[in-house]
1. Using only C-alpha atoms and all pairs of different ones, pull out the Kirkwood radius for the stretch 67-172 in Å with one decimal.
2. Cβ neighbours within 10 Å, averaged per peptide: list 75-88, 129-142 in order, most packed at the top.
């Protein structure tokens, strides 16, 4: 309500109250909502429709990423394997791998870690073979030289939330 004095009012000096006009647009006719019925006379949405996510937690879980939205896997994997070799040799703490691998992979590397850090020859990557069985997944096998011994590392990467994550690793030899 707006109060203001109007000249010539029966009570000079007294404010006169007038209602504020509505800001809503005028209706152009009656609005009728009638649900359309199915041929059997039932409402078509008697059951709830499909949900976008089956469980509300799914939205916040890591989301799979297509291969086209991920970096080239070979250089990324070579750097990760170098860090894994340093962890296995005792030069690096396995916890440093945590941003790039799952907790299971950190535990697997920790279990295979050298008892005495930094002993023996420097391990080096001899060869790396990659395959992409499905979109956003890379499986690889690397041959590693450690002194006179040859070992192998099998590794699986999955594209999650726009980057590669190592979800499985197996060290042989």
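The numbers here are math on the coordinates, done by the rules we state, and not lab data. Source: prediction; values computed, not measured. A quick note on method: Cβ atoms are made from the backbone with ideal geometry, for glycine too, and the neighbour counts reach across all protein chains shown.
1. Kirkwood radius, the stretch 67-172: 14.0 Å.
2. Ranked from most to least packed, the peptides come out as 75-88, 129-142.
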